[in-house]
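This structure is in structure tokens; I'll ask about it shortly.
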Amino acid sequence: MAAWPSPHRPACPRLREQADAWEAQLFKDAEQLPRALSRQVLDAAVATVRELGRVQPDTLVHGDLHARNILRAHREPWLAVDPKGYVGDPAYDGGTLLKARALKLLEADDLHKAVHRVLDVFTEAAEIDRERVQRWAQFHAVQAAFWGRRHGFRIARSGPRLDWLTEFADRLAELLTKCS
């Protein structure tokens, strides 16, 4: 995947400009929400924001990369459509891709192997650093775990299914933390 320099227009928000808000939200969620994630998991997500979030390249990033937004095309073998259009670290999209694969990952016999397969395919295709992708994926998993506690998920807003999905998001965040 080629890295494209970003257009210098205000219409493309910089991911680095969200870093302070991300960090504040992580701490707020950890303090306010029940059954918070372990300190090790939270610390890893905060470290990603501090170490990768504030200093990012000026590269155009899709921002919502998932299977429904990747199409076969005639002019290129694959075409990514419906971008959110951010400027930042291309590894950030590895986390959005992994979140989008969550329902498939739920069906995996070996979650560890399935998660690493998704990350490996993305990093190879995008030709970017595997550790950065994994760190952003862990950050996204932590955000998802907190989001589920606060708002529910699109497919479950309350009840046992929400609890099950939140536990899965927690497991994913923990797995990605241990692999870092």
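Output ³J(HN,Hα) for region 153-158: one whole-Hz value per residue in order, computed from phi by the Karplus curve 6.51 cos²θ - 1.76 cosθ + 1.60 with θ = phi - 60°, and x for Gly and Pro.
Going residue by residue, I get 10, 3, 9, 7, 9, 6 Hz, with x marking Gly and Pro.
Next question. Under 8 Å for C-alpha pairs, at least 6 residues apart: give me the relative contact order for region 81-160, rounded to a whole percent.
Across region 81-160, relative contact order equals 38 percent.
Let me check against my output: what whole-number percent is the relative contact order of region 1-123, with C-alpha pairs under 8 Å and at least 6 apart?
Relative CO of region 1-123 lands at 27 percent.
Please give the calculated 222 nm ellipticity per residue for the chain, where each DSSP H segment of at least 4 residues contributes -39500 (n - 2.57) and the sum is spread over every residue; nearest 500 deg cm²/dmol?
-17000 deg cm²/dmol
Follow-up question, since we're still on this one. In whole angstrom, note down how far apart the Cα centers of region 88-118 and region 120-177 are.
Cα centroid of region 88-118 versus Cα centroid of region 120-177: 8 Å apart.
Right, another one. Take the Cα coordinates of region 59-121, assign each an equal point scatterer, and use the Debye formula without solvent to give log10 I(q)/I(0) at q = 0.27 Å⁻¹.
-1.14
Please work out the average accessible area per residue across the chain, using the 1.4 Å probe convention, and give it in Å².
Roughly 57 Å² per residue, with all protein chains present.
Which loop trypsin sites (Lys or Arg not before Pro) in region 61-148, with loop taken from DSSP, have no more than 15 other Cβ atoms within 10 angstrom of their Cβ?
Working: sites: Arg68, Arg72, Arg75, Lys84, Lys99, Arg101, Lys104, Lys113, Arg117, Arg130, Arg132, Arg135; in loops: Arg75, Lys84, Arg101.
Answer in residue order: Arg75, Lys84.
GNM on the chain, C-alpha springs below 10 Å: top fluctuator among Gly85, Gly53, Gly159?
Comparing Gly85, Gly53, Gly159 in a Gaussian network model of the chain, the most mobile one is Gly159.
With +1 on the Cβ of every Lys and Arg and -1 on the Cβ of every Asp and Glu, and nothing else charged, how large is the dipole of the chain about its Cα centre, in debye rounded to the nearest 20?
About 460 debye.
Using DSSP to call loops (not H, G, I, E or B), can you name the GluC sites (Glu not before Pro) in region 79-180 whose Cβ has at most 13 other Cβ atoms within 10 angstrom? Let's see the in-between values first.
Values: sites: Glu107, Glu124, Glu127, Glu131, Glu167, Glu174; in loops: Glu107, Glu127.
Counting only loop positions with at most 13 other Cβ atoms within 10 Å, the GluC sites (Glu not before Pro) in region 79-180 are Glu107, Glu127.
So what's the angle, to the nearest 10 degrees on a 0 to 90 scale, between helix 111-126 and the longest Cα principal axis of the chain?
It is inclined by approximately 20 degrees.
Give the long-range amide H neighbours of Ile70: residues separated by 5 or more places, or on another chain, with amide H under 5 Å away, using H modelled in the peptide plane at 1.01 Å from N.
Val81
So, with a 1.4 angstrom probe, what is the percent of accessible area on the chain that is carbon and sulfur? Could the numbers behind the result be given before it?
Details: 5390 of 10250 Å².
Ligands and nucleic acids excluded, carbon and sulfur give 53 percent.
The values are calculated or read from the model by the stated rules, or taken from the named source; none is laboratory data. All of these numbers come straight from a predicted model, not from anything done at the bench. With ideal geometry, Cβ positions are generated from the backbone for all residues, glycine too; neighbour counts draw on all protein chains shown. These accessible areas exclude ligands, DNA and RNA; they are computed on the full protein's heavy atoms, side chains included. Shrake-Rupley method; radii C 1.70, N 1.55, O 1.52, S 1.80 Å.
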